[in-house]
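Dropping a structure here in structure tokens format, bear with me for questions.
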Amino acid sequence: MHPTERPLAIGPRIKFLNHAFTRKFLDITRSAGADDFSLMHNRILGFLYCHQQRDIFQRDLEAAFHITRSSVAGIVKHMEEKGHIQRQSVPQDARLKKLTLTPLGLQLCEQAMDAFEVVEAAAVRGLSPEQIQTFLSLCDMIQQNLTEKECSHAENHCIPD
């Protein structure tokens with residue numbers, strides 16, 4: 001096949017969109033004072049924020065984000081040192097430490113949610129509601145195609161509505 005006859009590749013386009021969205025999001029959050037914050041820090045803050053009604057432990061983060069115990073331990077230690085989260089003992093098992101947001105962590109989480117809304121609005125600027133719905137439907141179809149059997153871990157990922 002001649003290089004000019006290659007079929008359109010959506011994978012690189014999806015990766016580019018993800019990278020552009022992430023870069024814009026991190027630019028906004030960092031300009032608001034979260035200089036040393038990674039995307040994973042933001043995701044963990046969001047997870048803790050969304051699950052405030054129950055106890056969350058490091059193992060829950062391991063499972064939710066499919067990352068290793070050592071990775072979670074390092075991230076949690078960093079976030080605790082920065083005052084974003086705190087570890088608290090639970091009465092039923094002194095070895096377990098539940099993770100909770102501090103007031104600073106809650107503030108950063110709210111700033112991140114605001115930043116997400118700004119980036120989301122920029123991403124859909126100029127698109128009609130019908131175009132947005134078509135795009136989301138196509139994404140759902142692609143996700144369905146990719147999560148059938150050969151990619152079973154993806155079915156546990158939280159995709160926002």
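Looking only at region 82-105, which residues are assigned to a loop (DSSP other than H, G, I, E, B) and among the basic types (Lys, Arg)?
Across region 82-105, the qualifying residue is only Lys82.
Of all residues in region 21-69, count the ones that are among the small types (Gly, Ala, Ser), open to solvent by less than 30 Å² (accessible area, probe 1.4 Å) and modelled with pLDDT under 90.
Qualifying residue count for the region: 1.
Moving to a separate point now. Are any residues in region 124-135 under 27 Å from Thr29 (Cα atoms), open to solvent by less than 60 Å² (accessible area, probe 1.4 Å) and either of a type in the set (S, T, N, Q) or in a helix (DSSP H, G or I) (or both), and if so, which ones?
If the condition is that a residue be under 27 Å from Thr29 (Cα atoms), open to solvent by less than 60 Å² (accessible area, probe 1.4 Å) and either of a type in the set (S, T, N, Q) or in a helix (DSSP H, G or I) (or both), then Ile132 is the only one that fits.
To continue, here is another question. Evaluate the following for Leu96: is it in contact with a Cys (Cβ under 8 Å, 6 or more places away or on another chain), open to solvent by less than 90 Å² (accessible area, probe 1.4 Å) and either more than 19 Å from His41 (Cα to Cα) or hydrophobic (A, V, I, L, M, F, W, C) (or both)?
So Leu96 does not fit the description; no.
Among the candidates Cys139, Cys109, single out the residue that is at pLDDT below 90 and open to solvent by less than 80 Å² (accessible area, probe 1.4 Å).
Step by step, each of Cys139, Cys109 is checked, and only Cys109 is at pLDDT below 90 and open to solvent by less than 80 Å² (accessible area, probe 1.4 Å).
The values are calculated or read from the model by the stated rules, or taken from the named source; none is laboratory data. Just so we're clear, the structure is a prediction, and the values are computed from it rather than from any experiment. Every residue, glycine as well, gets a Cβ built from its backbone with ideal geometry; the counts of neighbours run over all protein chains shown. These accessible areas exclude ligands, DNA and RNA; they are computed on the full protein's heavy atoms, side chains included. Shrake-Rupley method; radii C 1.70, N 1.55, O 1.52, S 1.80 Å.
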